[in-house]
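Each remark here refers to the structure printed beneath this line.
The values are calculated or read from the model by the stated rules, or taken from the named source; none is laboratory data. Just so it is clear, the model here is predicted, and its values are computed rather than measured. Quick reminder, even Gly has a Cβ in these numbers, built from the backbone with ideal geometry, and neighbours come from all protein chains shown.
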Amino acid sequence: MPRPIKDPLNNHDRFRLVCLVLILFLLLSLTIARFYRIQIIEGEKWSKEARKQHYFVIKEPFLRGTFISNTSIKKDHPETPQKFVVDIQKFHLYIDPESIPLKNKNFIAKQLMGILDLSATEQLQFRQQFDKKSRSRKLVMWLDREQRDAVLQWWNPYAKKYKIARNSLFFVTDYQRSYPFGKLLGQVLHTVQNQKDEKTHQSTPTGGLELYFNSYVKGKLGKRRLMRSPRNSLETGEIIAYPENGADVYLTINHCLQAIAEDELEKGVKKCKAKAGWAVMMDPRTGEILALAQYPFFHPPDYQFYFNMPKMVEHTRPKAVTDGNEPGSVMKPFTVCAALLANDALKKRGEHPLFNPDEKMSTSSGRFPGRSKPLNDTHLHYYLNMPMALQKSSNIYMARLTEKIVARLGNEWYRNILHETFAFGKKTGIELPSETPGVLPTIGKKHPNGTLEWSAGTPFSLAMGYNLQINSIQLVRAYAVLANGGYLVQPTLIRQIAKTDANGEQTFLVDNTSTERVKNFPRVLDKEITRQVVTAMKYTTKSGGTAPRGDVRGYTEAGKTSTSKKIVNGQYADRLYRSSFIGFTPVKDPAFVLLITMDEPEYGFAPGIGKTHHGGTCAAPVFREISKRSLEYLGIAPDDPHGYPAGDPRYDSKKADWALETQRLKEMYEKWNNKSEH
C-alpha cells in the first residue's frame, strides 16, 4: 500500500495562510472600493483637479456693439457704411508665477520691463506680481500687436532654452474702443471706462448712447482652455464656449452732416466769442436727428481729463437734451398758431374771430395786466400785422394776441395748446440719458416759495418765450410741425438695432424705418394754419427782418431769431444772453429743421452790423453756412436760383423768391408807422 502523503501545513500554518488570503482580499476590496469612489463617485471632482493641474481657462473676449452712421440718407447715392466707433484688438499680458522657477524671475521681469518701457512706479508693481502665489496675474494692459510680438520674440527662445512652460507668460485678447472720427459726435456717443469688470468683463459706460443702449451693445464672454506644458502654446487652446457679440446700433445721424455742423458751429462760437454753442438738425417728416453738434467738443478717449476738471464736465453732456432754457422769441410762431387755433375754435362756436392776421394792430403801448413794467420792442412800432410782427419780432404784438386768447377762451385753453399741441413740458423720449422735460407753468400750482406758477402776467411772458423752459429737441420738434404741415413727430436717434449671430444672420431688435411709424404721427395743426405762419416766417431772413444774415443763397428758408436773457442768481443778467436761430429749408419740401444756439455770446455793437450778441447776428450766419453745405452734400438743387444779394450776376429782383412780397410789406409798414403822422 502506498504511504499517505503527509500535509506539510499544520493547523496553525493553515490558519495563518487563510488570514493572509483574507487580508489580501480585504486590501484588494478596499483598493477596488477606493478606485470606485475616486473613478466613479468622485470622478468629476478629481477630473477637475487634474485639469487644474494641466489646464487653465482664459476668457474669450466679445465685440461690443458699435454705432453706425446713416449713410442711406442720400437715397440715390447710398454710401459705404461708416462706424463712429470701432473695437481695436489689444492684448493684456499675464503671468503664471508658480510655473516660473525662482532663479529666473528677476531676469524675466527685467527683460520685460525693458521691452515694454515701463516707468519706475510701473516697474515696482510689475515685479511684485512675480512673487504672488497664483496661477494667473495681470502684468500690463492694452498692448498693441507690435508690443505683443516684441515680447514673444524674446520670450519663446528663452522659455525653450530654460525649459519653462511657454505659456507661463500668456496674452489675453481684448478689444478697446477707438474713434476713427476723433471728437465727432462726442457728447452723443460718450465712451466706456478703460477698466472693465473683472468678473463679467463688461465695460462701464460714461454716458450718452453707450449708457442708454448698454443692454443692447454689451456682449457675453466666451472661454478658451489651455494646457500647461513647455511645448504647448497659447494659440493652440480649445474654445469651450464661444463669445456672443453685442448688437449694432444704426443711427439717424450722418457723419458728413455732423462734420459740417461741428465745423461751422466751432467757427461761429469763436467768431462771436461765446461760452459754448450747439446745433440740432432734424428731418421734419420722420423726426430723425441728422446732426447734433456741440462746441467745445468732447473727445471720448480723454474722458478722465474732462471728468476730473470741474469746468470741463459741462461740456460732456449733450446740452440740447439735458438743459432746459427760456427760448425767447423763437416761441412767437407758436403764439401766432395759438391765435389762429383760437379763431377756429370761436368760429365753431358761431362767434366772431379773435383777430385778422392781415389787419393792423396797435403796438405802441406795452402795458398789460399783471405786469409791473410795460413790455418793449427793440424799436417803436405804432401798428403791425401778423407778418410784420414776426419779421420785427414784436413782443407787444404777441402779448396783445395772448391777451385776446385768454380773454375769450381762458388760461386753461391757452396752456393746453402749448402742452398738448406742441408738447412743451413733456419729454420727447429722445434716446439719450437725463433728458429734461422742461417747465411749463401749471395753473393753480405754487412754487416752493409759495407764489403761484401761473399769475395774471404769465400768458404775456409765455407769448414771447419767457417763464417756461424747454430743451432744444422739444423746440426742433415743434418747428417740425410747421415744416411738415401739422404733424407732431417723434424725435429719434435710432434707425435700427441689429444682432448678428455666428452665421452672419441679422435679427432686428428695433426698427424705426417702417412707414407705419410715420403714419402714426398725430396731426395737431391744420395745414392752412401752418401755411400762414410759415409764409410770415419767410420775411425773417429778408430785408427788414431780424436775420438777413440767415438767408441761404439760392434756396428758400423760413425761420425765427431769439435773444433771451439768462438768469443768474435768480435775476436776469444785463449782458448775458442765449441767442438762437431756427429755421428750415427749402420751404416747400424741407430737407431739415436746423436750430443754432449760442450760449453767452460776447455783448457788443459793431458798426454796420448791429448788436453782435443778437441771434440774427451770431446764430443766423451759422444756420446759413451749415444749411448751404448740407444741401450741397445732399444733392438738393437750389429752389431760388435768383435769390442772391444785389450785385451778384445771378440776382434778379423780379424773379427772386419773396423779393416782391418783402417790398410790399416794407411799403405797408412805412405807411402805418410814418413817424411824422403820429
- Answer with yes or no whether F368 is part of a loop (DSSP other than H, G, I, E, B), among the aromatic types (F, W, Y), in contact (Cβ under 8 Å) with a residue 60 or more places away in the chain and assigned by TED's automatic domain parsing to the domain that holds M282. yes
- Item | Pair list, Cβ < 7 Å and 6+ apart or interchain, from segment 469-495 residues that are closer than 18 Å to T322 by Cβ to residues that are of a type in the set (D, E) | Q469/E326; N471/D323; N471/E435; T492/E288; T492/E431; L493/E431
- Matching helices (runs of 4 or more DSSP H) fully within segment 446-559 where at least 1 residues are surrounded by fewer than 20 Cβ atoms within 10 Å (Cβ to Cβ) and in contact with a strand residue (DSSP E or B) (Cβ under 9 Å, 6 or more places away or on another chain): 515-519, 527-537
- If you scan segment 141-174, which residues turn out to be buried (at least 18 other Cβ atoms within 10 Å of the Cβ), part of a strand (DSSP E or B) and among the aromatic types (F, W, Y)? F170, F171
- Message: Given the criteria in contact with a helix residue (DSSP H, G or I) (Cβ under 8 Å, 6 or more places away or on another chain), buried (at least 22 other Cβ atoms within 10 Å of the Cβ), under 21 Å from W454 (Cβ atoms) and touching a residue at least 60 places away in the same chain (Cβ under 8 Å), does T421 qualify?
- Response: no
- Condition broken by I596, with the remaining ones in (1) among the hydrophobic types (A, V, I, L, M, F, W, C); (2) more than 28 Å from the chain's Cα centre (by Cα); (3) modelled with pLDDT of 95 or more satisfied: (2)
- Evaluate the following for G647: is it in contact with a Ser or Thr (Cβ under 7 Å, 6 or more places away or on another chain) and either among the acidic types (D, E) or assigned by TED's automatic domain parsing to the domain that holds L380 (or both)? no
- Extreme residue, farthest from the chain's Cα centre (by Cα), among residues of segment 73-109 that are more than 27 Å from Q176 (Cα to Cα) and surrounded by 12 or more Cβ atoms within 10 Å (Cβ to Cβ): N104
- Test L184 against the criterion of being modelled with pLDDT of 95 or more, part of a helix (DSSP H, G or I) and of a type in the set (A, V, I, L, M), and give yes or no. no
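Right, A656: in the same structural domain as V534 (by TED's automatic domain parsing), under 26 Å from Q532 (Cβ atoms), out of contact with any strand residue (DSSP E or B) (no Cβ under 6 Å at 6 or more places or on another chain) and not in a helix (DSSP H, G or I) or not?
It is true that A656 is in the same structural domain as V534 (by TED's automatic domain parsing), under 26 Å from Q532 (Cβ atoms), out of contact with any strand residue (DSSP E or B) (no Cβ under 6 Å at 6 or more places or on another chain) and not in a helix (DSSP H, G or I).
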- Has segment 515-526 got at least one residue that is assigned by TED's automatic domain parsing to the domain that holds G268, closer than 30 Å to A241 by Cβ and acidic (D, E)? no
- Here the qualifying pairs (Cβ atoms under 7 Å; residues six or more apart or on different chains; first in segment 574-592 and on the phi < 0 side of the Ramachandran plot; second among the aromatic types (F, W, Y) and assigned to a loop (DSSP other than H, G, I, E, B)) come out as R575/Y603; T585/Y555; P586/Y555
- Is there a residue being aliphatic (A, V, I, L, M) and under 17 Å from M464 (Cα atoms) anywhere in segment 323-333? yes
- Taking the condition of a type in the set (D, E) and assigned to a loop (DSSP other than H, G, I, E, B), does E351 pass? yes
- Task: For segment 421-439, indicate whether the set of residues that are assigned to a helix (DSSP H, G or I) and closer than 26 Å to L290 by Cα is non-empty.
- Result: yes
- By residue number, the members of segment 368-395 that are aliphatic (A, V, I, L, M) and closer than 21 Å to T541 by Cα are L380, L384, M386, M388, A389, L390
- Message: Being in a strand (DSSP E or B), among the polar types (S, T, N, Q) and over 30 Å from L257 (Cβ atoms) narrows it down to one residue among Q111, Q89; which is it?
- Response: Q89
- Query: Looking at segment 601-629, which of the residues that are surrounded by fewer than 24 Cβ atoms within 10 Å (Cβ to Cβ) and among the aliphatic types (A, V, I, L, M) is nearest to T546 (Cα to Cα)?
  - Reply: I609
- Task: Please identify the pairs in which a residue from segment 644-672 that is closer than 14 Å to R553 by Cβ has its Cβ atom under 6 Å from the Cβ atom of a residue that is exposed (fewer than 11 other Cβ atoms within 10 Å of the Cβ), counting only partners at least 6 apart or on another chain.
- Result: A659/S653
